[in-house]
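The values are calculated or read from the model by the stated rules, or taken from the named source; none is laboratory data. Being a predicted model, the structure only gives us computed values, none of them experimental. Methodologically, a virtual Cβ is constructed for each residue, glycine included, from the backbone with ideal geometry; neighbour enumeration extends over all protein chains shown.
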Amino acid sequence: MLGLKHVHHIAIICSDYERSKTFYTEVLGCTIVKETLRAERNSYKLDLAINGTYIIELFSFPNPPARPSGPEACGLRHLAFSVDNIEKSIEHLTSKGVVCEPIRVDTLTNKRFTFFADPDGLPLELYEV
């Protein structure tokens with residue numbers, strides 16, 4: 001038996017560390033657990049939490065290659081965050097200069113959701129629970 005318990009973390013490589021650090025902490029509200037400079041790799045690793053739960057590892061590397069991305073691209077589809085009130089969440093993101101797609105409705109659950117992007121174009125979703 002494999003014995004999976006839960007998702008431990010999501011690793012994201014960014015092109016501009018300070019810009020992405022600001023986005024994930026000041027715009028999305030993640031809290032910093034630990035920031036590590038890996039000098040030998042000219043790289044940072046930023047451990048982030050949501051509501052006290054460790055969830056995202058944000059990495060910087062010199063000149064990372066671009067990756068085609070979009071909610072319907074092959075591969076990892078997107079990262080989704082649950083929210084209580086999608087309108088208030090969109091209002092917050094908009095006030096920070098983040099563009100959100102129009103609200104959609106999941107035809108299987110009748111729940112509302114929207115997509116937006118991080119500074120590198122990684123598709124992110126807000127899903128109202």
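When region 64-100 is filtered for residues that are aliphatic (A, V, I, L, M), under 24 Å from Asn51 (Cβ atoms) and either part of a helix (DSSP H, G or I) or modelled with pLDDT under 95 (or both), the ones remaining, listed by number, are Leu76, Leu79, Ala80, Ile86, Ile90, Leu93.
Scan region 1-20 for residues that are assigned to a helix (DSSP H, G or I) and under 11 Å from the mean Cα position of the chain (by Cα) and the total you get is 1.
If the condition is being basic (Lys, Arg) and under 17 Å from the mean Cα position of the chain (by Cα), then region 83-112 contributes only Lys96.
Taking every residue in region 3-32 that is farther than 22 Å from Ser82 by Cα and surrounded by 12 or more Cβ atoms within 10 Å (Cβ to Cβ) and pairing it with any residue that is of a type in the set (Gly, Ala, Ser) and modelled with pLDDT under 95, at least 6 positions away or on another chain, the pairs with Cβ-Cβ distances below 7 Å are Cys14/Ser60; Tyr17/Ser60. Within region 36-59, residues that are more than 17 Å from Glu26 (Cα to Cα) sit with their Cβ atoms under 8 Å from residues that are of a type in the set (Ser, Thr, Tyr) and assigned to a helix (DSSP H, G or I), at 6+ positions apart or across chains, in these pairs: Tyr44/Tyr17.
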